[in-house]
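Encoded as structure tokens, the structure appears first; notes follow it.
The values are calculated or read from the model by the stated rules, or taken from the named source; none is laboratory data. What you see is a predicted model, and the numbers here were worked out from it, not measured in a lab. Here the Cβ positions follow ideal geometry from the backbone for every residue, glycine too, while neighbour counts run over all protein chains shown.
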Amino acid sequence: MGKLDNKVAVITGGNSGIGLTTAQTYINEGARVVIFGRNAQTVEQAATTLGENAIGVQGDVSNIADLERLAKDTERHFGKVDILVANAGLGVFAPIEMIDEAGYDHQFDINVKGAFFTVQKLLPILNEGASVILTGSAVQDKGVATGSLYFATKAAIRSLARTLAAELAPKGIRVNSLSPGIVRTHFAGNTNLEEDQFEGFVNMVTEQAPLARAGTTQDMANGFLFLASNDSSYMTGADLLIDGGWASV
Ligand SMILES: NC(=O)c1ccc[n+]([C@@H]2O[C@H](COP(=O)([O-])OP(=O)(O)OC[C@H]3O[C@@H](n4cnc5c(N)ncnc54)[C@H](OP(=O)(O)O)[C@@H]3O)[C@@H](O)[C@H]2O)c1
């Protein structure tokens, strides 16, 4: 018996990295999963790899019509939803002088507006007892030069989890965030960072973290499984920090 038997999960950013490993982990535990991402090709490839218990929906979290279509397609295929992982995100890194309005909007539109409206548009099809998980970041309480926009979006995610936990509790819905430390994914390719700049950040974090290694996507998926399952039934409004101790020590 799996921990997620008969559950339906929607994972934005489920076509890559942390989201994709989480999708596979949920399926291994008995769930059926909808993955959502911008890149039609990788959405289709990932859905094929995940197999018959997965479908892929292409779209952009910063586009409200795409999120409405995600809700419609999900309901048509699988009915109501038990687990919603608002995970799609990327990072824009630059000194404050180099950031223009379009860059600011791009970062906040995907990471904050995207997560907010993902929850709003999927809410009508969430079951009582559903678990909503927002992907934050261990950077939410840190300050590192050039990270102003990205770090602020993740602090906003932490705030959103607290408030939505209060607001949705009467509907029997739990809302938590999960904050990864550093993980090698396609994150670097989805930012304006060069590969060696991202590696520099990885090295800085792993040197500072007591566990002295980068996290794996499976380390994160284990946390997403915990927050999705009844094992976390008395948790809401909380943040699960999985960062090798970087932000805590
Ligand atoms: N890797 C890390 O060190 C780290 C640390 C802390 C937090 N995080 C967070 O973890 C989450 C997942 O990142 P990852 O590390 O797994 O990186 P990733 O491999 O680049 O995955 C990011 C996912 O988000 C999707 N995405 C980005 N913008 C989108 C948009 N506008 N609409 C729909 N989907 C969009 C991407 O889909 P497409 O490829 O189709 O665009 C991709 O599936 C992000 O929220 C990130 O901020 C990562």
Scope region 204-214; condition in a helix (DSSP H, G or I) and more than 13 Å from the ligand (Cβ to nearest atom); matching residues: E207, Q208
Residue, nearest to L20 (Cα to Cα), within region 89-103, restricted to residues that are within 15 Å of the ligand (Cβ to nearest atom) and touching a residue at least 24 places away in the same chain (Cβ under 8 Å): G89
Residue among A71, A65, A47 that is farther than 19 Å from K121 by Cα and within 16 Å of the ligand (Cβ to nearest atom): A47
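Let's see how each residue does on (1) near the ligand (Cβ under 9 Å from one of its atoms); (2) touching a helix residue (DSSP H, G or I) at 6+ places or on another chain (Cβ under 6 Å); (3) small (G, A, S):
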site: S137; (1), (2), (3): yes, yes, yes
site: A145; (1), (2), (3): no, no, yes
site: L149; (1), (2), (3): no, yes, no
site: V175; (1), (2), (3): no, yes, no
site: G181; (1), (2), (3): yes, yes, yes
site: E194; (1), (2), (3): no, no, no
site: F201; (1), (2), (3): yes, no, no
Among the candidates G237, G245, residue that is under 18 Å from the mean Cα position of the chain (by Cα), assigned to a loop (DSSP other than H, G, I, E, B) and at pLDDT 95 or above: G237
Matching residues, region 186-213, being buried (at least 19 other Cβ atoms within 10 Å of the Cβ) and at pLDDT 95 or above: A209
One residue from G114, G89, G103 being under 15 Å from F151 (Cα atoms) and buried (at least 22 other Cβ atoms within 10 Å of the Cβ): G89
Unique residue being farther than 23 Å from I27 by Cα and in contact with a Leu (Cβ under 6 Å, 6 or more places away or on another chain) when the list is N176, N190: N190
Among residues of region 12-43, those that are within 13 Å of the ligand (Cβ to nearest atom) and surrounded by fewer than 16 Cβ atoms within 10 Å (Cβ to Cβ), counted: 3
Helices (runs of 4 or more DSSP H) fully within region 96-174 counting 3 or more residues that are under 16 Å from the mean Cα position of the chain (by Cα): 114-122, 148-168
In region 76-95, the residues that are part of a helix (DSSP H, G or I) and in contact with a strand residue (DSSP E or B) (Cβ under 8 Å, 6 or more places away or on another chain): H77, F78
In region 117-134, residue surrounded by the fewest Cβ atoms within 10 Å (Cβ to Cβ) [restricted to those that are β-branched (V, I, T) and closer than 21 Å to A221 by Cα]: V119
Residue check for F93: modelled with pLDDT under 95, in contact with a Leu (Cβ under 9 Å, 6 or more places away or on another chain) and not small (G, A, S): yes
Candidates D231, D239, filtered to the one that is under 23 Å from T22 (Cα atoms), out of contact with any Asp or Glu (no Cβ under 7 Å at 6 or more places or on another chain), within 13 Å of the ligand (Cβ to nearest atom) and charged (D, E, K, R): D239
